[in-house]
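Computed from the coordinates by the stated procedures, all read-outs in this text should not be read as laboratory data. Computed from a predicted model, the values in this text were never measured in an experiment. Cβ sites come from the backbone with ideal geometry, for glycine too, and all protein chains shown count toward neighbours.
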Amino acid sequence: MGKTIPIVDYLVLDDGAPYLVANESIESGALYFDRRNADARSGTQGFRRRRVADTGVVRTFTIVHRAAPGVPTPYVSVVVDLDGGGVVKANLLNVEPTPEHVKIGMKVRMTTYGVGVDDEGTEAIAFAYEPADEES
Amino acid sequence: MDRDVWILGASMTKFMRYKDKDLIDLGAEAALAALADGGVTIQDMDVMGAGNLAEAASGIGQRVQKQIGQTGIPVYNVANACATGATAVRCAYLAIRAGEAEMGLAVGLEKMGKAGLLGASARSDRNVFEPSGRYGSVMSVEGRVGTTLMPGVFAQAGMEYSGANEGVGFEQFAKVAEKNHAHSTLNPLAQYQKAFSLEEVMNAEMMAYPNTLLMCCPTGDGAAALVLVSEEKLRTLSDEQRARAVKISASVMTSDPWTDSDQVQPDVNTLTRAAAAKAYEISGVDPQDLDLVELHDCFATAELVHYDNLGLCAPGEAGKFIDERGPWRDGKIPVNVSGGLISKGHPLGATGVANLYEVATHLRGEAGDRQIEGASVGLTHVIGLGSACAVHVLEKATV
């Protein structure tokens, strides 16, 4: 098996199941997936790393038909309210990309998929979500 | 010092794609026309605000001055996403309110041509993956980790409203575009002046559901300009100048306060609601008193959520508002009778000045075929993602 690298550094690929990690403001509890100098909510400095849930519900979505060059279409973009806190944007996979099959409020779980291989054979892995309604 | 500011002169070029005029031609044309409209000259101006995005670092205001008159006044060159033009207006407005100027010129100008899908230019991915930036990304995440392109971002804003409120779906969003295309047929300054049926809107190429091509604003070229004046100075001008002047009853800008979802999906609602609330408070105008509104319909989904954000409809009833034709020019509160960004066009830096031109023109009773009869109070709204929001309330008044 070749080497892999996460497409973004808040996706953790270690020996266990992939997961997302956020920077949590110690003062306000606000969660950020990017590097922050201070908390946008409180203005205070000081963060701790927090693993966020891999399940959540779709807050909103769109089905993209005309995209940036090289991006296969149509695809579904979702904003997900994560169980236990945190809001994240990603693609929704394993669903028909039609408004009849994507619903606001639908339960989803995180998954991963390959998005490219570099000249050294390293594969970039992205996170995404997929419907979780079928399973308990 | 706290004093009232009025619009003395206003103009806009036709929005279109110009082959024979450059950016500065457009800005100079709008500025000279606004000065002439106000019965003044560049020699009367004490301050200038200039708004442009594509060439924001190029001293755009000074470049325009070289075509209309270099008098040594301070120039503030601003860029604030799609609120750029309104920000330029605010520069002149604040200088007058502060007592540093009696008259000011604001110009917004942009030349975009046929730019296609903004932000969608191909980023060359590295040959060897290496994390960089605040997200430690190894390649472009667009389309791989959701979308941040405008049609999708505003589609998601609309769908969030749809999910939270009854009676809002694809058809309601499409009705917004049907209306704005119809309105534009009366506006000779609009980039497009062609009506489309609801079916044509809904069956057009899908860009990012629920926004079809006919529900997205085009790229284009154009400029708009205003001459602002203090009330004290206005009192010294001619009867004709005073009679045509329009009062700025509120001028408000906000940025986006922290919300949890705003970190990944721009929240266009909170800052609009905050700006509107403050503008209504300052002006003493109730939204139900408005005779017309020009709001930021960069996409049909955006216009619909702003019916609610600006208080034009009862909370949660934006779908009902469009279903009942409330925002049509013969409806309860006409919205975007210019054709809006969807059909009038959206040269980014010009937009936040052009909507003030539109409302002021109606309040003067000079809007020709598209005139809203008897209009005496109107509101303008723009949003630049990132985000910046400007709301102005204008009133027909006497001085």
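The table below lists the values:
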read-out: Whole-Å semi-axes of the ellipsoid equivalent to the range A:4-131 (Cα gyration tensor, √5λ, descending); value: 26, 20, 14
read-out: Cα centroid separation, the range B:162-226 to the range A:68-136 (Å); value: 29
read-out: Tail beyond 36 Å, pair distance distribution of the protein assembly as shown (Cα, percent); value: 35
read-out: Overall Cα dimensions of chain B - principal axes, largest extent first, Å; value: 62, 52, 41
read-out: log₁₀ of I(q)/I(0) at q = 0.22, 0.26, 0.32 Å⁻¹ - the range B:188-228, Debye sum with one point per alpha carbon; value: -0.81, -0.96, -1.14
read-out: Two-site FRET efficiency, residue B:3 against residue B:56, from Cβ-Cβ distance with R₀ of 22 Å, rounded to 0.05; value: 0.10
read-out: Quarter of Cα convex hull surface for the range A:38-89, i.e. mean projection, nm²; value: 5.5
read-out: Other protein chain Cβ atoms within 10 Å, averaged over every residue that makes up A:52-65; value: 6
read-out: Cross-link table B:14/B:194; B:175/B:320; B:179/B:247; B:14/B:114, entries beyond 18 Å C-alpha to C-alpha; value: B:179/B:247
read-out: Largest-first ellipsoid semi-axes for the range B:286-399, taking √(5λ) over the Cα gyration tensor eigenvalues, angstrom; value: 20, 18, 13
read-out: Distance in nm between pseudo-label sites at residue A:42 and residue A:94 (7 Å out along the Cβ direction from Cα); value: 3.8
read-out: Efficiency of FRET between residue B:232 and residue B:100 - r from beta-carbon atoms, R0 22 angstrom, step 0.05; value: 0.95
